[in-house]
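Novice: Got a structure for you, questions after.
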Amino acid sequence: MVSTLVFAQENLEYNSFSPGSIWNDTDGSHINAHGGGFYYEDGTYYWYGEHKDSHSLANVGVRVYKSKDLYNWENCGVALAVSNDPNSEITKGSVIERPKVVYNRNTDKYILWFHLELKDQGYAAARTGVAIGDSPLGPFTYIKSFRPNAGVWPQNFSEEQKNFNSEESKYEWWTQEWSEALEDGLYTRRDFEGGQMSRDMTVFVDDDGKAYHIRSSEENQTLHIALLTDDYLDFTDTWVRVQPGGQNEAPAVFKSGDYYYMITSGLTGWDPNAARSFRSKSMLGPWESLGNPAKGKGANLTFNSQSTYVLSVQGLKDAHIFMADRWNPKNHQDGRYVWLPIKISDGKPVINWINQWNIKDEFLNNF
Ligand code: DGJ
């Protein structure tokens, strides 16, 4: 298969990736699109991310960049703007994180999902938000935010788990009893009526057009994977709990051969930790744990970064790029991007550090 990627355009600044370095857009400013998501259409890649100021609150919104070669990115403005209306859920000063855009072929619309925290509530709201647009560049129109799957039990919950009457206040956090209770569904039951918490998230569209929303839920202790409706604007009643009590954040999903792979981080705020990886033959599990995909020096902190997306390069077989944020909580707009090739070895994803690399050399055998 011939790649549609334009390699190393001569008149442009970059022809390789330098993970962790300042990365200027075509106007010469460091790219401001953290917690990013990617979308490809007609030879162009789009990069959506959190526009950060020195702090992490949303004062601008979701920024979008475009590129034909993945090295050189043009700033295309704000795809979803925060609102000046203090009553809006996405008012200036709210928290908008990890935006992910997908295209819906049934409606010919672009759908943007993100993590939303309401203004002045810290991270208590734990909602997911959705916006819609007519073009990959937006502008996207905000629709709503909510805690998903209210009133619906996960598919992998037993009758016993549904009926068990446990009181949250009974348990002291981080005790053995608490951890057993949460694995058993303490928070799933607590949030049954109001909807499940949704913080770090991503969206994955399968080859059959089905889209899945993957969220860090249950006080960030358990991942949930939910099937979206055919228009990608809502949740169906199909959802599962994954790795109960596993403390996974920052999920990123890709497909290779017969398997779906997921890379996540552990739970340490803005600080890096060791990544995790999983695989499954179905998006709805069961997911098999494969350990830390990062190898070598710096692997225990994922090379000082946290996953946000895995991009499979168009037209190449198994050319997957691990995309991660190196957060800088002292000055968020200076956060860096760590992009590294993923190799599948013995059915497991493997990520090694490389100071500088390019798609052609790294994925030479994938053409
Ligand atoms: C870790 C998450 O992965 C980030 O997206 C962000 O929500 C921070 N926590 C906030 O502390």
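The values are calculated or read from the model by the stated rules, or taken from the named source; none is laboratory data. Note that the structure is predicted; figures quoted are calculated from it, not measured. Here Cβ is always computed from backbone atoms with ideal geometry, including for glycine, and neighbour counts include all displayed protein chains. When the accessible area is computed, the model is the full protein with side chains, heavy atoms only, and any ligands, DNA or RNA have been set aside. Shrake-Rupley method; radii C 1.70, N 1.55, O 1.52, S 1.80 Å.
Novice: Looking only at region 108-118, filter to residues that are open to solvent by 10 Å² or more (accessible area, probe 1.4 Å) and without any contact (Cβ under 8 Å) to a residue 40 or more places away in the chain; which one of those is farthest from the chain's Cα centre (by Cα)?
Specialist: Let us first name the residues in region 108-118 that are open to solvent by 10 Å² or more (accessible area, probe 1.4 Å), namely 108-110, 118.
Restricting the remaining residues to those that are without any contact (Cβ under 8 Å) to a residue 40 or more places away in the chain gives 108, 118.
Numbers: Asp108: 23, Leu118: 19 Å.
Looking at the filtered set, the residue picked out is Asp108.
Novice: Moving to a separate point now. Can you name the residue in region 31-59 that is in a strand (DSSP E or B) and more than 17 Å from Asn72 (Cα to Cα) and is also nearest to the ligand (Cβ to nearest atom) among such residues? Can you show your working first?
Specialist: First pass over region 31-59, keeping only residues in a strand (DSSP E or B): 34-41, 44-50, 58.
Applying the additional criterion that residues be more than 17 Å from Asn72 (Cα to Cα) yields 35, 50, 58.
Working: Gly35: 5, Glu50: 8, Ala58: 12 Å.
Filtering first and then ranking leaves Gly35.
Novice: Sticking with this one: List the number of the failed condition for Ser277; all other conditions in (1) on the phi > 0 side of the Ramachandran plot; (2) touching a residue at least 40 places away in the same chain (Cβ under 8 Å) hold.
Specialist: Here Ser277 clears every test but (1).
Novice: If you go through region 183-191 one residue at a time, do you hit one that is among the polar types (S, T, N, Q) and at pLDDT below 95?
Specialist: Here is the first cut: in region 183-191, the ones among the polar types (S, T, N, Q) are 188.
Filter again for at pLDDT below 95, leaving none.
No, every residue in region 183-191 fails to be among the polar types (S, T, N, Q) and at pLDDT below 95.
Novice: Filtering region 252-272 down to residues that are of a type in the set (Gly, Ala, Ser) and within 9 Å of the ligand (Cβ to nearest atom), which residue is surrounded by the most Cβ atoms within 10 Å (Cβ to Cβ)?
Specialist: So in region 252-272, the residues of a type in the set (Gly, Ala, Ser) come out as 252, 256-257, 265-266, 269.
With the extra rule that they be within 9 Å of the ligand (Cβ to nearest atom), the set shrinks to 265, 269.
Working: Ser265: 26, Gly269: 10.
Here the answer is Ser265.
Novice: Quickly run through region 70-88 and pick out the residues that are surrounded by fewer than 18 Cβ atoms within 10 Å (Cβ to Cβ) and not in a strand (DSSP E or B).
Specialist: Asn84, Asp85, Pro86, Asn87, Ser88
Novice: Could you please let me know if Ala181 is under 27 Å from Gly122 (Cβ atoms), in a helix (DSSP H, G or I) and either open to solvent by 40 Å² or more (accessible area, probe 1.4 Å) or away from the ligand (no atom under 16 Å from the Cβ) (or both)?
Specialist: It is true that Ala181 is under 27 Å from Gly122 (Cβ atoms), in a helix (DSSP H, G or I) and either open to solvent by 40 Å² or more (accessible area, probe 1.4 Å) or away from the ligand (no atom under 16 Å from the Cβ) (or both).
Novice: Quick check on region 90-99: of everything there that is under 21 Å from the mean Cα position of the chain (by Cα) and of a type outside the set (Lys, Arg), which residue is nearest to the ligand (Cβ to nearest atom)?
Specialist: First pass over region 90-99, keeping only residues under 21 Å from the mean Cα position of the chain (by Cα): 90, 94-99.
Of the ones still in play, those that are also of a type outside the set (Lys, Arg) are 90, 94-97, 99.
On the way: Ile90: 16, Ser94: 13, Val95: 8, Ile96: 11, Glu97: 5, Pro99: 11 Å.
Among residues in region 90-99 that are under 21 Å from the mean Cα position of the chain (by Cα) and of a type outside the set (Lys, Arg), the one nearest to the ligand (Cβ to nearest atom) is Glu97.
Novice: Among residues belonging to region 60-69 that are more than 16 Å from the ligand (Cβ to nearest atom) and of a type in the set (A, V, I, L, M), point out the one that is least open to solvent (accessible area, probe 1.4 Å).
Specialist: Filtering region 60-69 for residues that are more than 16 Å from the ligand (Cβ to nearest atom) and of a type in the set (A, V, I, L, M), the one least open to solvent (accessible area, probe 1.4 Å) comes out as Val64.
Novice: So Gly315 ticks every box in (1) assigned to a loop (DSSP other than H, G, I, E, B); (2) closer than 29 Å to Gly269 by Cβ; (3) small (Gly, Ala, Ser) but one. Which box is left unticked?
Specialist: (2)
Novice: Answer yes or no: is there a residue in region 127-134 that is in a loop (DSSP other than H, G, I, E, B), among the hydroxyl-bearing types (Ser, Thr, Tyr) and closer than 25 Å to Asp230 by Cβ. It would help to see each step written out before you state the result.
Specialist: Kept after step one, since they are in a loop (DSSP other than H, G, I, E, B), are these residues of region 127-134: 134.
Next, only the ones that are among the hydroxyl-bearing types (Ser, Thr, Tyr) stay: none.
No.
Novice: Only one of (1) in contact with an Asp or Glu (Cβ under 8 Å, 6 or more places away or on another chain); (2) at pLDDT 95 or above; (3) more than 27 Å from Gly246 (Cβ to Cβ) is not met by Gln356, so which one is it?
Specialist: The one condition Gln356 does not meet is (1).
Novice: Among what's in region 338-353 and is in contact with a Pro (Cβ under 7 Å, 6 or more places away or on another chain) and farther than 14 Å from Asn292 by Cβ, pick the residue that is surrounded by the most Cβ atoms within 10 Å (Cβ to Cβ).
Specialist: Val338
Novice: Further, regarding this structure: So, in region 293-333, how many residues would count as being touching a residue at least 60 places away in the same chain (Cβ under 8 Å), away from the ligand (no atom under 16 Å from the Cβ) and among the basic types (Lys, Arg)?
Specialist: So the answer is 1.
Novice: Exactly one condition in (1) open to solvent by less than 10 Å² (accessible area, probe 1.4 Å); (2) on the phi < 0 side of the Ramachandran plot is false for Leu233; which is it?
Specialist: Exception for Leu233: condition (1).
Novice: Consider region 324-336. How many of its residues are surrounded by 22 or more Cβ atoms within 10 Å (Cβ to Cβ) and not in a loop (DSSP other than H, G, I, E, B)? Walk me through how you get there before you give the answer.
Specialist: Restricting attention to region 324-336, the residues satisfying the condition of being surrounded by 22 or more Cβ atoms within 10 Å (Cβ to Cβ) are 324-325, 335.
From what's left, not in a loop (DSSP other than H, G, I, E, B): 324-325.
Total satisfying the criteria: 2.
Novice: Additional query: Is it fair to say Tyr212 is among the aromatic types (Phe, Trp, Tyr), within 27 Å of Arg276 (Cα to Cα) and open to solvent by less than 10 Å² (accessible area, probe 1.4 Å)? I'd like the intermediate steps shown before the answer.
Specialist: Numbers: among the aromatic types (Phe, Trp, Tyr): yes; within 27 Å of Arg276 (Cα to Cα): yes; open to solvent by less than 10 Å² (accessible area, probe 1.4 Å): no.
Taking the combined requirement at face value, the residue does not satisfy it.
Novice: Report those strands (runs of 3 or more DSSP E) wholly inside region 214-258 carrying at least 1 residues which are of a type in the set (Asp, Glu) and modelled with pLDDT of 95 or more.
Specialist: Details: elements: 222-228, 235-242, 249-256.
The qualifying strands (runs of 3 or more DSSP E) are 235-242, 249-256.
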